[in-house]
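Structure, as structure tokens:
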Amino acid sequence: MAGALQYLESQRNAQPELADWYNALIDLYQRKLWHQLTLKLEQFVALAVVQAGDALIQLYHNFITDFETKINLLKLAHFAVVVSRQYSEKEAAISYLEGVIEKLRATKELRIEEPILYVKMQIAAFNLEKGNKKECKKLLEEGKATLDSMTDVDPSVHASYYWISSQYHKSCQEFAEFYKSALLYLAYTMVDSLSEAFKLDLAFDLSLSALLGDNIYNFGELLAHPIINSLLGTKVEWLYHILQAFNTGNLIRYQELCHIHNAALSAQPALVENEKKLLEKINILCLMEIIFSRQSEDRTIPLSTIAERTRLSIEDVEYLLMKSLSVHLIEGIIDQVEGTVHVSWVQPRVLGISQIKSLRDRLDAWIGKLIAQKEAKETLLQPLSESYLFDALNSFCARGAAAES
């Protein structure tokens, strides 16, 4: 205890501008208020001045180690990960974190796998940065198995797993897997806690992966997430508008944007290399929008109608339909003799505001039809009901008269 206090006092004297912080840490430490001390440390290590050089490494070894097993162990894992990022050598950082894991295991506390998993994900991140994808993948697979075996897992642990998973898939250019992992990361993360630069980079990567990922035909979830607004007002705002065009299957709008932002698009090798794939994807989304815009009883669509909207030949439209059927975006039957397709089912989608308004209008129209049918039936049945009652009354009276006679 004396050593820890001496360290804090020496730092207070060396950094007068942080004297209030060090006095607060000394006070809480002496009073053994471990929870309050943990909260104060969280605020302290977030300061930019403290994150410079090896200040956090010294803080951990000279102060935190004195009481590390007395605080919440997941919070200890959080501190350890922050400290590890100050090591200039990845191997030294990994060695430090492995030492923390040994300390965590030695506590033999319940649910100890939770903080250990959090630390392991940072080790996976360092391995990925070193180019050791094999070790990173191994840690991710182990982490997934651990996550699946636990309940009530802290959001920070989920977030750390899905973030490292997304970065692994990004390094392998696995667009669809990156997209799924990054969205799951956001599901466990407070967007307001992220820096503007980080949000912009992530929004850009998510947008590209949505466009380029195999079997990603629903952009509604991404467009509904607040992070996508980070693209607005920037040099890459064009990407936001392209996503909107894809989401509504608006081929004409997409072609206009490609013409207007040709230079920006050409600067993205992945988009240039996958130009044909992008055109096929927006044609499929155009097809889905055609189906969605029709009433359920009007799902027999002439191939010529699809050809007109997608600007494809009839043969290409047939290929487009077969592709959509193969990836289970739609279910139906193509009638080549009649030149039509009957769609019995279309994959559910996350709808945008304009699409929800369209759905509302269709529901209103359907309700209107039901009311009209109800009123028509009542009109037809009313005379019949009155006639039936009149005849029944006459019959009753006739039977009564016959009985009296």
- Taking the condition open to solvent by less than 40 Å² (accessible area, probe 1.4 Å) and in a loop (DSSP other than H, G, I, E, B), does Thr146 pass? no
- Task: Return yes when Ile334 is without any contact (Cβ under 8 Å) to a residue 40 or more places away in the chain, in contact with a strand residue (DSSP E or B) (Cβ under 7 Å, 6 or more places away or on another chain) and open to solvent by 40 Å² or more (accessible area, probe 1.4 Å) and no when it is not.
- Result: yes
- Task: Could you tell me which of the residues Lys180, Lys199, Lys170 is of a type in the set (Lys, Arg), under 12 Å from the mean Cα position of the chain (by Cα) and assigned to a helix (DSSP H, G or I)?
- Result: Lys180
- Considering (1) part of a helix (DSSP H, G or I); (2) free of Cβ contacts under 8 Å to residues at least 60 places away in the same chain, say which one Ser296 fails and leave the rest. (1)
- Some residue of the stretch 36-57 being within 27 Å of Met150 (Cβ to Cβ) and touching a residue at least 60 places away in the same chain (Cβ under 8 Å): no
- Look through the stretch 183-196, keep the residues that are in a helix (DSSP H, G or I) and more than 14 Å from the chain's Cα centre (by Cα), and return whichever of them is nearest to Asp154 (Cα to Cα). Ser193
- Message: Taking the criterion of being at pLDDT 95 or above, of a type outside the set (Val, Ile, Thr), surrounded by fewer than 19 Cβ atoms within 10 Å (Cβ to Cβ) and closer than 26 Å to Asn274 by Cα, would at least one residue in the stretch 158-167 satisfy it?
- Response: no
- Note on the structure: Flagged in the stretch 105-134 as assigned to a helix (DSSP H, G or I), open to solvent by 60 Å² or more (accessible area, probe 1.4 Å) and among the acidic types (Asp, Glu), in numbering order, are Glu113, Glu129
- Note on the structure: When (1) under 30 Å from Ser326 (Cα atoms); (2) surrounded by 14 or more Cβ atoms within 10 Å (Cβ to Cβ) are applied to Asp214, the one that fails is (2)
- Message: Cβ contacts < 6 Å: first residue closer than 20 Å to Ala77 by Cβ, restricted to the stretch 120-144; second residue of a type in the set (Lys, Arg) and crowded, with 21+ Cβ neighbours inside 10 Å, any location; separation 6+ or different chain. Result?
- Response: Leu139/Lys120
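The values are calculated or read from the model by the stated rules, or taken from the named source; none is laboratory data. For clarity, every value in this text was computed on a predicted model and none was experimentally measured. Neighbour counts run over all protein chains shown; Cβ positions are idealised from the backbone, glycine included. Keep in mind that these areas ignore ligands, DNA and RNA; they rest on the heavy atoms of the full protein, side chains included. Shrake-Rupley method; radii C 1.70, N 1.55, O 1.52, S 1.80 Å.
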